[in-house]
Each structure stands twice: as C-alpha cells, then as structure tokens.
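Since every read-out is calculated from the coordinates, none of them should be taken as a lab result. The model shown is predicted, which means the values in this text are computed figures rather than measured ones. Here Cβ is always computed from backbone atoms with ideal geometry, including for glycine, and neighbour counts include all displayed protein chains.
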Amino acid sequence: MPAFAEHVDSWYAASAGAAPSYTSLKGGTDADVCIIGAGYTGLSSAIHLAERGYKVVVLEANRVGWGASGRNGGHVGTGQRADQSSLEKWVGRETAGNLWQLGLDAVDLVCELVETHHIDCELGVGNLHMAAKASHALDLEHEVNQLTRDYGYTKASYLNREELAELTSASGMHGGMLDMGARHLHPLKYTHGLARVASSLGVTIYEQSPAVKWRDNSQLQINTPQGSVTAKALVLACNGYLGKLAPTIAGNIMPINNFVVATEPLSPEQQRAVTRDNHSLSDSLFVINYWKLSGDGRLLFGGGENYTSRFPKDIKGFVRPYMLNIYPELTDVKIDYGWGGTLGITMNRMPDFGRIGSRIFYAQGFSGHGVPTATMAGKLLAAAIDGDSEKFNLMALVPTHRFPGGTLLRWPGLVAGMLYYSLLDKLGS
C-alpha cells in the first residue's frame with residue numbers, strides 16, 4: 001500500500017478549520033462520470049455535473065485540496081494567463097475577445113460559488129500588478145489602454161510611481177495596473193467549500209484513493225489500490241500531479257515547484273504599508289513574485305521556484321530574500337510558515353484542454369492562473385460531457401505545444417529557458 005500524505009505544514013492548513021473527511025475506496029463502484037483529482041478542476045466538474053443530474057465519483061490520491069489548489073497564492077485574476085496581444089496574434093481579435101470574456105466569467109463563477117454556497121474563504125477585491133522595470137511600466141500602461149479601448153474593460157487603471165506609493169511601500173516598482181475586477185481568497189478554505197457543495201449534491205468523494213491505472217474498453221474502468229470505478233466518462237483533473245497516468249498528454253505540461261511563506265501577524269501599520277486597501281499584489285518579473293495579506297494580518301509571500309523533484313531544505317530561507325527585496329522594512333519580522341507546491345505550466349502559459357478518444361476529458365496546465373481558470377474548466381468540462389462543447393472548444397482552440405523531447409527531455413530544456421529569463425529579471429531596466 002502506498003503512503004498517503006496529509007496537508008503540508010502551511011498557514012492555509014493551520015487556518016482552514018475542520019476539514020471535511022472522506023473514506024477511501026474499497027471494492028467496486030460505478031458512476032456516470034469518474035473524476036481523478038479533488039482540486040478546483042475536479043470539484044468544479046463534480047458540482048456542475050451533479051447539477052446536470054449525473055452520478056459522479058471523485059478519486060483523490062491524498063486529501064481534498066492537497067495539491068496546488070490548497071497551496072497557491074489565492075489570487076483570482078481576470079482574463080487569461082497569456083496577455084490579449086499574444087492571444088490576438090495566435091487566434092485573432094474576435095476569438096481573443098471571447099477568451100477575455102470567458103476569463104471575466106471565470107472570476108464571476110468563483111464569486112457566485114462563494115456567495116451562493118456561503119463559502120467562508122476570505123474573499124477580497126482588487127489586484128495591484130506592478131512593473132519591476134521601467135520598460136515594464138510602459139507595457140502595463142499599454143495593456144490598460146488596450147483593455148479599455150478594445151475590450152471595454154473599465155475596472156483597470158494605470159498608476160504611476162507616485163500613485164503606486166500611496167497604495168504600497170513595495171520597493172523598486174515603476175508603475176502598476178490596479179484591477180478592481182480581480183479577487184483574492186484563502187485557497188484551501190475555498191477548496192474545502194467546493195467539496196462540501198459537491199457532497200451536498202450527491203457527489204461521492206474518496207480520499208486516499210489514487211488512480212493507479214485506467215482502461216477504456218466497453219466501459220471505462222479506473223483502478224485504485226483497493227477498489228475500482230466503472231464509468232461512462234472520465235475527467236483527468238490532475239494538473240501538475242498527473243505523473244504517468246496519461247502519457248499521451250503528460251508532455252503538454254511541465255510540473256514546476258513554487259514556494260510561499262507566511263510571516264507572523266504584522267502590526268496594523270505594517271499591514272497598511274504593505275497594501276493600504278487590502279489588494280493582492282504581484283510584480284512583472286518572469287519568475288513572478290506575488291503576495292497578499294491573510295485574514296489575521298500575515299504577509300503571504302510567494303517567490304522563487306525550482307524545476308527538480310525536490311523542494312529546498314529551508315523554504316523560509318529560500319523565499320525570504322525575495323520578500324525583503326520588496327519590503328526591506330520587514331527584516332525583523334518572523335516567518336512562521338514556509339511551504340511549496342507543484343503546478344503545471346504549458347509552453348505558452350495557456351491551459352491545455354482536450355479529449356483522449358470520445359469519453360476521456362482533461363484540463364491542465366493553468367500556469368499560475370488556476371483559481372479562476374480551473375474553476376471555469378470544471379464548468380466547461382461538465383457542459384462538454386453533457387453535449388455542449390462550445391466554450392470547451394474555445395479554450396481548446398488556443399494552440400498548445402508539447403515540450404520538446406516530451407516527458408523525457410522537457411526538463412533540461414525548461415531549466416535552460418527559465419535560467420535565461422531569470423537572468424533577464426536581474427538585468428536591464
């Protein structure tokens with residue numbers, strides 16, 4: 001029997017309250033749809049399928065929200081992970097506009113689920129994305145103008161350095177985009193809330209029940225160490241934890257590790273200096289820094305990543321320099337928690353939606369934009385399984401490319417590319 005993991009020692013796990021607990025699968029069961037993975041994609045799929053009348057079983061290898069869905073920065077950004085200019089080049093203006101609207105709808109969907117089902121997840125408003133270089137400030141100003149002029153989006157505004165300084169003491173920033181259409185939340189509380197909603201709709205969730213293999217014969221059969229599910233359709237909602245479960249799509253994404261720390265609670269003055277209006281914040285570096293305040297006034301700061309199968313031995317020490325580079329005044333602040341997580345990225349940072357045959361559906365590679373996009377992915381997967389593939393196909397239309405060399409050789413190529421962009425982060429203006 002494999003060893004099953006509890007949640008990592010994160011501030012999220014410490015503050016999430018009593019987590020719902022689900023039994024492991026023993027023996028055989030059947031479902032209309034089997035979903036592998038109890039993160040945002042899997043749980044949203046389950047909710048929206050159950051609302052359509054489907055019998056749904058969810059298999060989770062560890063605990064609900066154990067992966068990236070319970071460890072991320074909690075930012076709920078608008079639009080897509082790729083910028084609109086890139087999308088226009090790839091798919092044309094009209095389709096890019098539809099994708100922009102779908103990104104806005106994804107944020108609305110998160111808010112709708114939270115509000116309708118009374119999910120207590122510290123939902124906040126606004127994101128401040130800041131230029132770490134002078135040249136990036138021009139890019140952000142152009143982006144705000146483009147969104148206003150071409151997409152009619154009026155919730156984003158450009159701030160110069162002086163205006164920025166009124167909202168945050170962040171050092172070295174040259175301007176920023178304040179997006180009041182964005183949200184932020186406690187990701188693990190949100191995930192636990194989705195699981196409770198799914199269960200209330202009749203979805204059966206099994207924890208400590210990893211899918212070890214599946215077969216597509218007259219019916220789909222998905223095997224766990226002590227049981228099996230027979231289903232008419234299958235959703236692969238594994239993202240960075242896909243492993244070897246589906247080799248044909250594994251090369252479309254690259255698992256990378258990102259790291260977060262939580263400080264001790266800051267004083268009211270320190271909190272106001274970090275973010276006057278309690279927005280989430282991020283910078284424009286390729287290896288992005290992102291941060292926000294917790295409900296109890298801690299700074300939750302994500303910085304640095306690696307591309308191996310191991311996390312740094314001292315995550316707090318690994319992330320701390322990134323934090324102090326932006327907030328040097330926090331030198332004497334204690335860091336209480338440090339943790340890491342694995343996410344799936346794609347070559348162009350747009351998610352990978354698709355099918356394997358006619359009965360197996362997947363969505364993966366959210367590339368750091370997972371809270372809204374993966375939640376929306378679940379809704380689109382459910383609709384596609386029910387016969388309405390229009391918006392699922394819209395997401396699948398964006399060309400995604402396999403990493404060169406597939407799963408065997410993707411790692412050295414990615415590392416070389418990441419090191420190149422990391423060097424650019426450190427150089428120039």
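With Cα atoms as the point set, the chain shows a radius of gyration and Dmax of 20.8, 65 Å.
Net length available on complete extension from His142 to Ser309 is 56.3 nm, with 0.36 nm assigned per residue and the Cα-Cα distance removed.
One compactness figure for the range 183-291 is 1.54, namely its Cα radius of gyration divided by 2.2 N^0.38 Å. Amide hydrogen proximity for Asp336: with H placed 1.01 Å from N in the peptide plane, the residues at 5 or more positions away or on another chain lying under 5 Å are Ala262, Thr263, Glu264.
When the C-alpha to C-alpha distance is required to be over 20 Å, the pairs from Lys292/Lys316; Lys313/Lys334; Lys213/Lys391; Lys26/Lys55; Lys155/Lys379 that qualify are Lys213/Lys391; Lys155/Lys379.
Once you reduce the range 278-310 and the range 151-178 to the center of their Cα atoms, the two points are 18 Å from each other. A simple packing score, the average count of other Cβ atoms within 10 Å per residue, orders the peptides 288-298, 74-84, 186-196 as 186-196, 74-84, 288-298, with the highest score first. Applying a length cut-off of 27 Å (Cα extent along the axis) and a mean Kyte-Doolittle floor of 0.5 to the DSSP H helices of the chain leaves 406-426.
Within the range 110-254, the percentage of alpha carbon pairs spaced more than 19 angstrom apart rounds to 70%. Evaluating 6.51 cos²θ - 1.76 cosθ + 1.60 at θ = phi - 60° for every residue in the range 55-66, the Karplus couplings come out as 8, 10, 10, 10, 10, 10, 5, 10, 10, 3, x, 5 Hz, glycine and proline recorded as x. Distance distribution P(r), the range 100-140, all Cα-Cα pairs, bin width 5 angstrom from 0: 6, 17, 17, 16, 15, 13, 9, 6, 2 percent. Dividing the Cα radius of gyration of the range 245-325 by its Kirkwood radius returns 1.08 for Rg/Rh.
Over the range 91-210, Cα pairs under 8 Å with separation of 6+ residues give a relative contact order of 34 percent. Reducing the range 1-75 and the range 332-368 to their Cα centroids gives an inter-centroid distance of 15 Å. Is the shape of the range 87-195 rounded, prolate or oblate, going by the alpha carbon gyration tensor and its root eigenvalues a ≥ b ≥ c, with a/c under 1.5 for rounded and a/b larger than b/c for prolate? Oblate is the answer for the range 87-195, as a/c is 1.5 or above yet b/c matches or exceeds a/b. Would you work out if the range 361-406 is rounded, prolate or oblate? Take a ≥ b ≥ c from the square roots of the eigenvalues of the alpha-carbon gyration tensor; rounded if a/c is under 1.5, else prolate when a/b is larger than b/c, oblate otherwise. Oblate, since a/c reaches 1.5 and b/c is not below a/b.
Rounded to the nearest 500, the helix-only mean residue ellipticity at 222 nm of the chain stands at -11000 deg cm²/dmol, with each DSSP H run of n ≥ 4 adding -39,500 (n - 2.57).
Quick one: grab the alpha carbon gyration tensor of the range 270-317, order the square roots of its eigenvalues as a ≥ b ≥ c, and give me rounded if a/c is under 1.5, else prolate or oblate depending on whether a/b is larger than b/c. It is oblate, given that a/c is not under 1.5 and a/b is not larger than b/c.
The rule of thumb for compact globular proteins, 2.2 N^0.38 Å, goes into the C-alpha radius of gyration of the range 1-124 1.28 times. For the peptides 18-30, 236-248, 311-323, residues were scored by their other Cβ atoms within 10 Å and the scores averaged per peptide; the highest-first order is 236-248, 311-323, 18-30. In order along the range 274-287, the phi-based Karplus estimate (6.51 cos²θ - 1.76 cosθ + 1.60, θ = phi - 60°) of 3J(HN,Hα) comes to 5, 8, 4, 10, 6, 7, 7, 9, 7, 10, 9, 5, 5, 8 Hz; Gly and Pro are listed as x.
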